[in-house]
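To start, the structure under review is shown below, and the notes come after it.
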Amino acid sequence: MYARQRCAKLLVMTLDALTASFPPAFRTLPAILQRGAESYGDAPLVSIGVTQWSHQQALDRVAAHAGNLRRSGLRAGDAIALMCGNLPQQLESFLAAGWLGAIAVPINTASMAPQIQYFLADSQARLLVIEATYLDRLVNIDWTKTGIEAIWVVGTGEADLTMPETIPITVYPEPGIPVEPAAVNAGDTLAILYTSGTTGPPKGVMCPHAQYFWWGAHCVDALSIDASDTLCTALPLFHINALHTFCQASLSGAQVRFLSRFSASRYWSTMQEHGGTVGYLLGAMAPMLLAQPESAVERQHKVRCILSPGTPAAAARALQERTGVIVIEGFGSTETNFALGTRFDTEPRGIMGWVRPHFEARVVDEHDTPLADGQAGELVLRAEQPFAFATGYFNMPDKTVEAWRNLWFHTGDRVVREPDGAFRFLDRLKDSIRRRGENISSYEVEAVLLSHPLIAAAAVFPVKSELAEDEVMATIALRATDNERQTPSFLPELAKFCKSRLPYFAVPRYIDIVAELPRTASGKIQKYILRERGITTSTWDRMTERDAPGKLHQ
């Protein structure tokens with residue numbers, strides 16, 4: 001058995017009870033797993049496909065896999081990159097890294113070779129755990145620019161990889177001999193999660209152990225989760241949302257079922273099949289559910305609430321009326337936590353919610369001066385509890401200082417605070433795009449477009465879609481010698497070029513070809529002019545007739 005760090009027995013699933021049960025030194029992943037095993041033992045905790053773990057089995061599996069990591073030479077502080085779908089090995093490796101005091105680096109499974117190479121190099125990862133399905137994404141990686149020493153492959157598959165002899169590729173190991181948990185602190189980095197940059201490369205958010213604890217604790221409190229609940233999510237295990245859903249179950253004695261993918265047509269039947277009582281969506285998913293034909297199965301389930309950040313008010317009201325399920329709004333980013341949220345008795349009205357306990361929020365102007373209720377400005381946040389927020393951006397001290405200036409985290413979101421204290425989202429201040437629940441860097445998309453030999457200049461920006469989220473639009477200028485290519489027949493070829501180099505959600509949907517991009521006197525592209533211009537009759541729409549040449553947006 002492992003040396004147990006004991007904390008007070010949890011009796012009531014409230015934020016105050018969780019705070020008391022986990023003193024600051026115990027707000028670590030090893031302590032969460034140990035307390036879960038002690039309190040809930042053989043009660044079910046995790047279900048992924050055919051794999052099921054109780055609270056005690058999860059502890060045993062994690063300790064055993066941490067043993068594999070240690071015997072492979074990994075130590076506290078080392079980074080371990082993870083690129084798998086919703087598989088047991090992805091979760092097991094994330095938790096084992098935390099048990100060992102190492103740092104997990106989950107990678108979006110839509111990433112292509114340029115992004116993967118950047119994540120591996122920037123994070124200084126020594127080991128890559130990857131699902132066999134994605135091995136072909138590694139073909140064009142320059143391994144000399146990374147610190148990878150070994151690759152563990154989950155599942156079976158082949159790829160025409162040319163690897164250095166110093167980087168062995170082996171099958172993901174079976175559970176080994178368990179090891180004691182590392183003596184980690186609440187402020188130690190548990191994970192580096194990459195969030196898209198807005199004017200530069202993606203930033204690695206350093207997420208400490210205590211931040212993970214607070215994500216779980218606040219969700220347990222806000223959603224009234226207890227040991228009778230079954231949490232069901234199809235969100236990916238490389239995102240903070242799904243990762244902290246595990247923490248919610250471990251803290252509360254509930255069980256969590258990770259689904260392989262989101263299906264609008266089968267969502268309610270899947271929830272019925274798994275006995276789900278709490279669901280998790282992103283804003284664009286609610287309109288997708290409402291677009292399905294009404295069916296009796298929408299009320300033949302046990303779901304009592306859904307956490308669905310960014311859901312339009314009309315969609316939230318319609319979803320509640322059709323299904324009888326309460327929609328809970330909330331706000332949190334990878335850098336922050338569940339800082340704002342609505343309540344069970346809140347009528348959907350398009351608000352982000354009220355400030356949750358242990359957090360502070362303000363609306364400020366460009367000089368960080370607080371604004372009065374009703375005045376639009378930037379949302380800034382800070383936490384009262386130590387390490388409830390990320391500790392900064394990995395290898396980017398200048399970006400860290402910029403984002404956390406004046407001791408407040410600057411979200412880049414334009415909001416207003418209403419007279420009753422609720423915050424309402426208006427738009428984004430940053431030059432970022434959010435599509436299909438993913439943050440997209442215009443900088444990255446522009447870099448790919450500019451790598452095409454025929455493109456001289458490119459600007460990428462968001463336009464609104466019918467799903468109340470952003471769509472990616474690009475305006476490009478071609479090289480002078482290629483003016484004859486300025487026809488829509490060139491654009492399907494360009495879309496295919498982007499698909500091979502970008503995650504699917506980042507590929508531009510709309511593309512305009514112009515003679516010149518609007519610029520300032522100093523040569524900077526004036527994107528606001530392009531945003532105001534938006535979609536016109538000359539804009540090509542990739543979604544019309546599956547990239548058929550010559551089809552323009554109408």
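The values are calculated or read from the model by the stated rules, or taken from the named source; none is laboratory data. These numbers were taken from a predicted model, which means no experiment stands behind them. We place every Cβ from the backbone using ideal geometry, glycine too, and count neighbours over all the protein chains shown. Just the protein is used for accessible areas: all its heavy atoms, side chains included, with ligands, DNA and RNA removed. Shrake-Rupley method; radii C 1.70, N 1.55, O 1.52, S 1.80 Å.
Observations on the model:
- Considering the range 116-150, and only residues there that are small (Gly, Ala, Ser) and surrounded by fewer than 22 Cβ atoms within 10 Å (Cβ to Cβ), the residue that is farthest from Ile167 (Cα to Cα) turns out to be Ala132.
- Qualifying residue in the range 484-494 (condition: in a loop (DSSP other than H, G, I, E, B) and at pLDDT 80 or above): no
- Applying the set (1) open to solvent by less than 10 Å² (accessible area, probe 1.4 Å); (2) over 30 Å from Ala25 (Cβ atoms); (3) of a type outside the set (A, V, I, L, M); (4) out of contact with any helix residue (DSSP H, G or I) (no Cβ under 8 Å at 6 or more places or on another chain) to Trp214 leaves exactly one unmet item: (2).
- Candidate set: the range 239-257, residues that are open to solvent by 10 Å² or more (accessible area, probe 1.4 Å) and modelled with pLDDT of 95 or more; chosen: the one farthest from Val205 (Cα to Cα): Gln255
- Residues located in the range 372-397, provided they are surrounded by fewer than 19 Cβ atoms within 10 Å (Cβ to Cβ), over 23 Å from the mean Cα position of the chain (by Cα) and either outside any loop (DSSP other than H, G, I, E, B) or in contact (Cβ under 8 Å) with a residue 12 or more places away in the chain (or both): Asp373, Gly374, Gln375, Ala376, Glu384
- The range 334-371, residues that are of a type in the set (D, E, K, R) and assigned to a loop (DSSP other than H, G, I, E, B): Glu335, Arg343, Asp345, Glu347, Arg349, Arg356, Asp365, Glu366, Asp368
- Among the criteria (1) part of a loop (DSSP other than H, G, I, E, B); (2) over 15 Å from the mean Cα position of the chain (by Cα); (3) within 23 Å of Arg75 (Cα to Cα), the one Phe213 does not fulfil is (1).
- Residue in the range 272-289 that is least open to solvent (accessible area, probe 1.4 Å), counting only those that are touching a residue at least 12 places away in the same chain (Cβ under 8 Å), closer than 20 Å to Ala43 by Cα and not in a loop (DSSP other than H, G, I, E, B): Val278
- Asn185 part of a loop (DSSP other than H, G, I, E, B), of a type outside the set (Lys, Arg), open to solvent by 50 Å² or more (accessible area, probe 1.4 Å) and closer than 23 Å to Met396 by Cβ: yes
- Cβ pairs under 9 Å, 6+ apart, first in the range 298-310 and in contact (Cβ under 8 Å) with a residue 60 or more places away in the chain and over 12 Å from Gln272 (Cα atoms), second of a type in the set (Gly, Ala, Ser) and open to solvent by 40 Å² or more (accessible area, probe 1.4 Å): Cys305/Ser224; Gly310/Ala468
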